[in-house]
Amino acid sequence: MTLLTVHKLWSATIVLLAGAAGGFVFRLLHLPLPWTLGAMFAAALIATASTRWMLPGVFRYGARPVIGVVAGSAFTPQVVSTFSELWILVPILLVFFATVTSSGFVYFRTCGYDRPTSLFASMPGGLGEMTMLGAQFGADVRKLVLVHSVRIIVVVVTIPFVLTMLTDVDLRGTGPGMAGNPHGTISFSDWGVLGACAIVGYVIGRPLRSFGGLMLAPMILSAIVHGTGVSSATPPSWLVAAMQVMIGCITGARLAGIGSKEAHTALIQGVLWTGILIGISLLAATLCSLLVNKPTMALFLAFSPGGFAEMTVIALASGLEVAFVVTCHVFRTLYIMVMGPLLHRLAVR
């Protein structure tokens, strides 16, 4: 074992232990989404102190297939049978995405960003897909990383408190917030099915990992397995909590290396834009609830501008129409992959 490998393992151990400790403290304080938020704050403190405390890629990528399998378990036959009634939501989502992108483009142009950077900073995608698309079309990648990182962090912090204030959902890690099998007993055959969804999905999704493939492919396989009734098992709560800690650590570590005046300016601009996005999402959810037979807060989660993995974790923790919320975010990811290059051509012209 090389010295570099030992250092990476030591670094990962420290970050994960700090994240678990932060999650435990947040749970003792009865704060919403404790395992994710507590881990995120603990990792952020470590990351801002020293950039060497980071999670290696094997940990960052390893959490996503598990979250995908858990999300896919929400696609029961009863849930899948109701999806045909939601066709009206497709044009609504398209109008919402177009509104957000055009508003963000104007906002970031006002902030002095060039056209490609303004476009890809305004699109509400995950950090991976937005930085890859932005780099491909000549955007300022450093600004994109800062803007989208702060967007995801602010969304992860804000939305659990909004849900707690406006609903009676228990996000403190004691009820459905664990989002898994509370008894932790799964048959050997079910472990095999869930494990196969995660492993095969990882292999299939790896070439598209920058576009959420590591989570999307396992989720689709799990949805097929659960939607067809092959299995009704979900991973145990302790495993889901561990994945929440890992996602929190990954999110918090995004603050590493922020120190320049340019970075601070981009952070402030990102915070303001995220506040606007959350307000637009809440307004859109309220209006959409008049047309779609879904709870307003479930629609709010569906419209919320977080990353794919982070929004899936929040949906799982809340227990609010998980399959519906995740499907909307899958649609958002596909929209960004298709429309990003097309909108870039229009923006440049």
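Summary table
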item: Longest to shortest principal axis, alpha-carbon extents of segment 63-175, angstrom; result: 47, 33, 30
item: Ratio of the Cα radius of gyration of segment 219-349 to 2.2 N^0.38 Å, where N counts its residues; result: 1.27
item: Ordering of 19-27, 122-130 by burial proxy (mean other Cβ atoms within 10 Å per residue, highest first); result: 122-130, 19-27
item: Residues residue 199 and residue 287, FRET efficiency given R0 of 56 Å [Cβ-Cβ distance, rounded to 0.05]; result: 0.85
item: All-pairs alpha carbon distance profile, segment 200-246, 5 Å steps from 0, percent; result: 5, 21, 17, 23, 24, 9, 0
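Only the coordinates and a few stated rules stand behind these numbers; no lab work does. Worth saying up front: this structure is predicted, and the values here are computed from it rather than measured. Virtual Cβ from ideal backbone geometry, glycine too; neighbours counted across all protein chains shown.
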